[in-house]
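Read through the structure below, which is laid out as structure tokens, and then see the notes.
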Amino acid sequence: MNNRSSLFLLMGTLFAGLAVAAGAFGAHFMKNILDAPMLAIFETAVRYQMYHALGLCIVSWAIARDPNRRFVTVGWLFTVGILLFSGSLYGLSMTGWRWLGPLTPLGGAAFITGWATFAWGLWKSRSIER
């Protein structure tokens with residue numbers, strides 16, 4: 001496994017563990033503090049963090065098989081997406097700071113671009129047979 005593959009696997013596992021912790025925190029602590037709409041926002045942040053943490057683990061595998069720049073770009077797009085999308089939703093739900101709202105679609109755009117880049121990279125990759 002090369003350095004970038006290892007980095008994205010580490011980040012994926014850390015983000016996944018943090019998503020589990022945030023989910024438990026939300027279910028057991030924030031449930032009594034946040035109103036239903038804000039709790040739903042918090043839960044969306046957890047869900048998308050977990051999806052993309054697992055995505056980072058898959059990207060790590062892809063980089064180990066075929067260390068091309070497209071897959072590395074995907075890893076960074078997923079990382080930025082987690083920080084902007086989930087991070088802004090965590091902040092919004094816990095603080096009510098509406099100014100964080102515009103960051104959420106930027107994170108979503110990073111996720112979408114990451115998945116599209118991943119699909120394109122797999123299509124062009126030497127590691128899969130067509």
Exercise. Remind me, what semi-axes does the chain give for its equivalent ellipsoid, largest first in whole Å, using sqrt of 5 times each Cα gyration tensor eigenvalue?
Worked result: 31, 15, 10
Problem set entry | Alpha-carbon centroids, region 71-95 and region 1-48: separation in whole Å | 11
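What percent does the relative contact order of region 10-64 come to when contacts are Cα pairs within less than 8 Å and at least six residues apart?
Details: 33 pairs, mean separation 32.0, N = 55.
It comes to 58 percent, rounded to a whole number.
Rounded, prolate or oblate, given the Cα gyration tensor of region 1-77, with a/c below 1.5 counting as rounded? Don't skip to the end; give the middle numbers.
On the way: a/c = 4.83, a/b = 2.85, b/c = 1.69.
Cα axes put region 1-77 in the prolate bin.
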Exercise. Which whole-number percent is the relative contact order of region 42-130 (Cα, under 8 Å, 6+ apart)?
Worked result: 34
Seminar exercise, completed: For the chain, the dipole about the Cα centre with charges only on Cβ (Lys and Arg +1, Asp and Glu -1), to the nearest 20 debye, works out at 420
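Mean residue ellipticity at 222 nm from the helices of the chain, using -39,500 (n - 2.57) per DSSP H segment of n ≥ 4 over the full residue count, to the nearest 500 deg cm²/dmol? Intermediate values should be presented prior to the final figure.
Values: 5 runs with 100 residues, N = 130.
One gets -26500 deg cm²/dmol as the mean residue ellipticity at 222 nm.
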Exercise. The chain: longest stretch without exposed chymotrypsin sites (Phe, Trp or Tyr not before Pro) (DSSP loop, at most 16 other Cβ within 10 Å), sites themselves excluded?
Worked result: 30-96
Exercise. Kyte-Doolittle mean at least 0.0 and Cα extent at least 20 Å along the axis: which DSSP H helices of the chain qualify?
Worked result: 3-28, 36-65, 103-124
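Can you give the relative contact order of region 1-93 as a percent, counting alpha carbon pairs under 8 Å and 6+ residues apart? Before the final figure, lay out each step's value.
Details: 91 pairs, mean separation 37.9, N = 93.
That works out to 41 percent.
Laboratory data are not the source of any read-out in this text; all were calculated from the coordinates shown. In this text, all values refer to a predicted model and were calculated from it rather than measured experimentally. Neighbour counts are summed over all protein chains in view; Cβ atoms, including those assigned to glycine, are modelled from backbone coordinates with ideal geometry.
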